[in-house]
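Below is one structure, written out as structure tokens; comments come after it.
The values are calculated or read from the model by the stated rules, or taken from the named source; none is laboratory data. Remember, predicted model here, so these are calculated numbers, not experimental data. Heads up, the Cβs are rebuilt from the backbone with ideal geometry, glycines too, and the neighbour counts pull from every protein chain shown.
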Amino acid sequence: MSENLSRLLKEIAALEKEFDLRLPEATTASELEQLKNEFLGRKGKLQSLFALLGRAEADERPHLGAELNRLKELLTSRSEEAARSFQHRPKVISMFDPTLPAKYPSIGSLHPMLQVMDEIKQIFSGMGFRIEEGPEIESEYYNFTALNIPEYHPSRDMQDSFFLEGRQVLRTHTSPVQIRTMESQKPPVRMIAPGRCFRKDTPDATHSPTFHQVEGLVVDRGVSFADLKGIVLAFAQKIFDDKQVRVRFRPSFFPFTEPSAEYDFSCIFCKGKGCRFCKQSGWLEISGAGMVDPAVFGFVDYDPDLYSGYAFGMGVERIALLKYQINDIRILFENDLRFLEQF
Amino acid sequence: MKVTLSWLKEYVDITLSIQELAHTLTMSGLEVESVEEVARPFSGIVVSRILSCEPHPRADKLQVCQVDAGRGEPQRVVCGAPNARAGMLAPLALPGARLGELTVELREIRGLLSSGMLCSEVELGLTERGEGVMVLDECAKPGQDLNEWLGGTDYVIDIFITPNRPDCLSVIGLAREIAAATRVPLHIPAASIKTSAAGEAHGISVAIATPDLCPRYSGRALENIRIAPSPFWMAYRLHHAGMRAINNIVDITNYSMLENGHPLHAFDASRIEGRRILVRRAQAGERFTTLDGKEHQLEADTCLICDGARPVALAGIMGGLNSEVEAETRTLFLESAYFEPTGIRKSSKRLGISTESSKRFERGADPNGTLYALDRAASLIMELAGARPAGEAVDVYPAPIAPALIDLSLDHVNRLIGTELTAAEAERILTSLEIACGHTSTGSISCKVPTFRPDLTRPVDLIEEIARVYGFDRIPFARTVILDQSQTPNPRTAFQDEVRRLLADYGLRETLSLSLVSPQAAAPFLGEGCSLVELLNPLSTEWSVFRTSLLISLLQNAAYNRNRQMPNLRFFEIGSAAWKRGEAIEEKKQIAALLVGETGLPTWHSRPRRFDFYDIKGIALALLEALGLKGAVMGSAAGSFWACESAGLYLQGKFLGCFGRLDDELVQSFKIKTPDVFGLQLEFDTLYTLRPQVHRFEAIPRFPLVPFDIALLLDSDTPVGDVEDAIRKTGGEHLVSVHLFDFYQGEQVPQGKKSVAFSLNFCSKERTLGVEEVERAVATILAQLAGQFGAVLRQR
């Protein structure tokens, strides 16, 4: 062994000892980082030993190189170990208070009623219905006449309407979209029309002059009332996520359907036993439905001998109020931040 | 339609409990809205017979009656009723009896002890009649408890009648439904009048000049009328049906109408001039005073009933003041006509008069029911007003209306409702509704629909009847729920939902507002040459026009919340706004966002700052970029509701919308007391139309970026955006990003100057760029900036 070699080996040992002495002095991550830099950095102490390798005898180089690499690994692993221990070290607890409030991201939200609308859209999209739209300001033709509600007929009084000049109205239902859709395509038709509607109702806990409806329409060969009952039942159980929900159809009258029905869901609160939500009846009134009146097909040039169809409506607010157990429809339109933040 | 259970029971045997009955009605399409027990707020009332009546010695208006209350000894009762007379039966409240809150006691009245009180119907809470003591019929026995005489508990059932069922605006119509649903027979009271030889002197001739409006007119004269109050049973039924008892003639016409649904009108025959009735159209502008004393100016389409000289009634709507029945009336002319529904509807709407009569005619009365209704009422008048028929009935019916004949195929029935009914079952149901069924040669059911069902004209109408009576509950739920996914989703609604999600992601809260606003709120947002969409019949001026901008809604929502100690707001809403351009209404879907106040409340780690132009700009650009709408350029904002810190956005030459600070005065008009209100309003359909159809991937650079920072000194009025654009334009193909990382205006730079610093990144797709190459590109940029803007490179 040359003198040079033994001197270098001593220096390696000394460096290791020095590192071991200095390591405990580093009590923070940045101090450790400094230490690492001093020993392992590009201009660090270990590097300067590596620089001496060139002056060593050629046959001693491999041995010396191995020693230096061993030291490098050693120092690296020790400093890593020390770094890990910092993460768990209770040393900085006096400065770190995990109970301080979080730094929240800025939080936005979708309106709860529209979330319910989205859910309804999703359920029907999943059943193969296409979403259709139409204008909120409608002609009397689409809102009434083509839906078999003639001008001088008491059925026009069933919906208190807002009228505009030029025989236009704020649509009282989204049913005009049915007509527009049937005008533009041939059967089969399978659509829902979600949207905003208007009726001249003074606002109170259950009425709003602006409200939202989803209207559904299916026209094809051989469509029956039993199909209508099936789809409404499937929807009822999905929207309330409850296989126990039952559906009841009662005869009623709408000019655009024949037979016409009102449909009710069994009360989701008392499971039909009777409670204050269902006024002890066990049933929640939802909306109307029925088989498309052949007169409506006449307006859109569909052959009533070939096709039959069903239509159903629903008030989205009504479902939202039930889902969230809200007792006043007006809160949906107030947009109070304390309300919006809950959804 | 309100009806008492006891009245219904006159036509149909009801064995169901009241709850079961209500359910049965509701489930057959006659929705029961309420059921109320008829109150009898009294006790201790007995039947008594007045034995004698003497004037009270010391009071002109009082009588002293001896009454038999079934207690052996007659009792003395002092009574103020004008109708008390010897021989009549009347309810007596004995001492201790209760009348509502009142307890009857032995009382001295003007010096005479009265051992009770003879009661009127209103005192007993039975009707609203209070003119005299209640008159009981001869079935009552002195001493009998009044409750017993009244019979068992009675109920008032309130039923919502849909406009297609005029037949159910009658007690018999409802009874028919109950009979059909419970499979029991219906009893209809007989009505036939035996007349003496036609007295020519009483003859009133009838002519119809408008058979289109009045297809049939029947009538009959009655003489020897004695106007008097109606008997209790009739007043009671009318009262609980919501009608006031007036006198026997008026009450009978109302009673008959409620019973069988056909409206009648009674004229004082002596006031019909010329002994003739003419049904004609009004002349435009003709004036007529109805029996409520109101004068109307008529339009030419109104159908009028006239006598030889003048109009005497608005056909089917209301009679005239000039011919109404009065206390002295001795002869009557009773009208039972059929008026065409649309004509009545038009007149009633135009005149603003809706009566029980017009309500029934406009929904459709029974043209073949006029004579039955006429004779039913006449026989009641004979029975209750001592009348005699004067001659035969007149009946002008130029073109009789025949029952509808409909062929119904059983297969159609079962296909449409999804059942497997037999012909026998279908026919049983139809027959129970008085629809006569036969068979056609092709195997269909031939149906003859009575004319009291004007709603049944087509096979599908009969199918509804079958389904309804069969029971919607018994129709199965089809299990084949549609799974066909062949339709493509609607891209426009999907786009809208994407925008909503993005804006929520940016920390905005979605609101949902009414579309109707006040003209004051809407006017500032109108464009050039546009006007407001006004409702003809608004609920109030506050909601009288369609919103002209979604920003109105957001400003109102902001004001609402700021009034409730929530000053800092981030809202968005998507919806329709509308205005008129000339005569045409334009309805446009808008995307709107609003930032108000500060970025938040102070926290332990940071102070909030006031929202500024660049916040709303960030939302606008982030949204456009997320939607793939790249390359939008800024121009000036359109609309006086923007303050000067605002901008418009354009893409491919199309106007996308505006954003920026809202005009201070406008903001104040919404009662918002901060100037820091920043809005964004975008045209939904323009964004939708310009949206890219496909989103292509851009390769991630494989070679290292070469960063290069430059700091420049610019004139204060040089727009930084222009400098940035110039850098991009001249930076060459390897310049991949330009980022402003420092901006300074103030003491550290010369007056009239500002300092900006950009960090540029260069990168090649093929190789690692050399420093010299980048330096050359930067030099080109700097030369351009120096020339174009006089920009000076700042040494750092």
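If the requirement is being assigned by TED's automatic domain parsing to the domain that holds A:Gly315, free of Cβ contacts under 8 Å to residues at least 12 places away in the same chain and hydroxyl-bearing (Ser, Thr, Tyr), which of these qualifies: A:Thr181, A:Thr145, A:Thr172, A:Thr202?
Exactly one of A:Thr181, A:Thr145, A:Thr172, A:Thr202 is assigned by TED's automatic domain parsing to the domain that holds A:Gly315, free of Cβ contacts under 8 Å to residues at least 12 places away in the same chain and hydroxyl-bearing (Ser, Thr, Tyr), namely A:Thr202.
Suppose we filter segment A:298-335 for residues that are among the basic types (Lys, Arg) and touching a Leu at 6+ places or on another chain (Cβ under 8 Å); how many remain?
0
Would you be able to tell me the number of residues in segment B:589-637 that are loosely packed, with under 14 Cβ neighbours inside 10 Å and touching an Asp or Glu at 6+ places or on another chain (Cβ under 7 Å)?
Qualifying residue count, segment B:589-637: 2.
Give the residues of segment A:112-162 that are among the hydroxyl-bearing types (Ser, Thr, Tyr) and assigned to a helix (DSSP H, G or I), sorted by residue number.
Listed by number, the residues that qualify are A:Ser125, A:Tyr141, A:Tyr142, A:Thr145, A:Ser155.
Failed condition for B:Arg607, given (1) away from chain A (no Cβ under 11 Å); (2) assigned to a strand (DSSP E or B); (3) charged (D, E, K, R), with all others met?
Checking B:Arg607 against (1) away from chain A (no Cβ under 11 Å); (2) assigned to a strand (DSSP E or B); (3) charged (D, E, K, R), the one that fails is (2).
So which residues in segment B:506-527 are assigned to a loop (DSSP other than H, G, I, E, B) and within 10 Å of chain A (Cβ to nearest Cβ)?
B:Tyr506, B:Gly507, B:Leu508, B:Thr511, B:Leu512, B:Ser513, B:Leu514, B:Ser515
Run down B:Phe477, B:Phe452 and say which single residue is at the interface with chain A (Cβ under 7 Å from one of its Cβ atoms), among the aromatic types (Phe, Trp, Tyr) and at negative phi.
B:Phe477
I'd like the full set of residues that are over 19 Å from B:Cys53 (Cβ atoms), in contact with a strand residue (DSSP E or B) (Cβ under 7 Å, 6 or more places away or on another chain) and either crowded, with 19+ Cβ neighbours inside 10 Å or of a type in the set (D, E, K, R) (or both), limited to segment B:102-122.
The answer is B:Val104, B:Glu105.
Return the residues of segment B:79-101 that are farther than 20 Å from B:Lys61 by Cβ and surrounded by fewer than 13 Cβ atoms within 10 Å (Cβ to Cβ); say none if nothing qualifies.
Of everything in segment B:79-101, those that are farther than 20 Å from B:Lys61 by Cβ and surrounded by fewer than 13 Cβ atoms within 10 Å (Cβ to Cβ) turn out to be B:Gly87, B:Gly96, B:Gly100, B:Glu101.
Going through segment A:198-215 one residue at a time, which ones are facing chain B (nearest Cβ under 10 Å) and of a type in the set (Ser, Thr, Tyr)?
A:Thr202, A:Ser208, A:Thr210, listed by residue number.
Tell me the residue from A:Glu138, A:Glu132 that is within 30 Å of B:Val545 (Cβ to Cβ) and touching a Ser or Thr at 6+ places or on another chain (Cβ under 7 Å), please.
The unique qualifying residue is A:Glu132.
Quick one: which residue in B:Ser409, B:Ser347 is among the hydroxyl-bearing types (Ser, Thr, Tyr), touching a strand residue (DSSP E or B) at 6+ places or on another chain (Cβ under 9 Å), within 30 Å of A:Val223 (Cβ to Cβ) and within 14 Å of another protein chain (Cβ to nearest Cβ)?
One residue alone meets the criteria, B:Ser409.
Among the residues of segment B:548-584, what is the count of those that are surrounded by fewer than 19 Cβ atoms within 10 Å (Cβ to Cβ), touching a residue at least 24 places away in the same chain (Cβ under 8 Å) and either touching an Asp or Glu at 6+ places or on another chain (Cβ under 8 Å) or within 19 Å of A:Glu165 (Cα to Cα) (or both)?
4
Which residues, counting only those in segment B:528-563, are more than 7 Å from every other protein chain (Cβ to nearest Cβ) and closer than 15 Å to A:Arg338 by Cβ?
B:Ala558, B:Arg562, B:Asn563
If you take the residues in segment B:373-394 that are at pLDDT 95 or above and under 24 Å from B:Ala209 (Cα atoms), which one is surrounded by the most Cβ atoms within 10 Å (Cβ to Cβ)?
The qualifying residue surrounded by the most Cβ atoms within 10 Å (Cβ to Cβ) is B:Ala373.
Condition first: aromatic (Phe, Trp, Tyr) and surrounded by fewer than 22 Cβ atoms within 10 Å (Cβ to Cβ). Now tell me which residues in segment B:643-664 satisfy that.
B:Tyr650, B:Phe655
Before we move on, is A:Gly65 at pLDDT below 80, away from chain B (no Cβ under 14 Å) and either farther than 30 Å from B:Gly600 by Cα or loosely packed, with under 14 Cβ neighbours inside 10 Å (or both)?
Judged against the criteria, A:Gly65 is not a match.
Looking at segment B:232-307, what strands (runs of 3 or more DSSP E) fall wholly within it and have at least 1 residues that are over 23 Å from B:Arg376 (Cα atoms) and in contact with a Leu (Cβ under 9 Å, 6 or more places away or on another chain)?
B:276-281, B:287-289, B:295-297, B:303-306
Look through B:His187, B:His239 and report the one residue that is at negative phi and either among the hydroxyl-bearing types (Ser, Thr, Tyr) or exposed (fewer than 15 other Cβ atoms within 10 Å of the Cβ) (or both).
B:His187
Please list, ordered by residue number, the strands (runs of 3 or more DSSP E) wholly in segment B:674-746 having 2 or more residues that are under 56 Å from the mean Cα position of the chain (by Cα) and within 30 Å of B:Thr548 (Cα to Cα).
In segment B:674-746, B:677-683 are the strands (runs of 3 or more DSSP E) which contain 2 or more residues that are under 56 Å from the mean Cα position of the chain (by Cα) and within 30 Å of B:Thr548 (Cα to Cα).
Sort through A:Gly108, A:Gly134, A:Gly128 and tell me the only one that's within 14 Å of chain B (Cβ to nearest Cβ), at positive phi and either among the polar types (S, T, N, Q) or within 55 Å of the chain's Cα centre (by Cα) (or both).
A:Gly128
Among the listed residues B:Asp13, B:Asp60, identify the single one that is closer than 30 Å to B:Leu99 by Cβ and surrounded by fewer than 18 Cβ atoms within 10 Å (Cβ to Cβ).
Of the residues listed, the single one that is closer than 30 Å to B:Leu99 by Cβ and surrounded by fewer than 18 Cβ atoms within 10 Å (Cβ to Cβ) is B:Asp60.
Here is a yes/no grid of residues against (1) more than 18 Å from B:Leu554 (Cβ to Cβ); (2) of a type in the set (A, V, I, L, M):
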| position | (1), (2) |
| --- | --- |
| B:Cys644 | yes, no |
| B:Tyr650 | yes, no |
| B:Gly653 | yes, no |
| B:Asp663 | no, no |
| B:Leu666 | no, yes |
| B:Ser669 | no, no |
| B:Thr674 | no, no |
| B:Val677 | no, yes |
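Collect the residues in segment A:216-241 that are within 33 Å of the chain's Cα centre (by Cα), more than 7 Å from chain B (Cβ to nearest Cβ) and outside any strand (DSSP E or B), keeping them in residue-number order.
A:Leu228, A:Val232, A:Phe235, A:Ala236, A:Gln237, A:Lys238, A:Ile239, A:Phe240, A:Asp241, listed by residue number.
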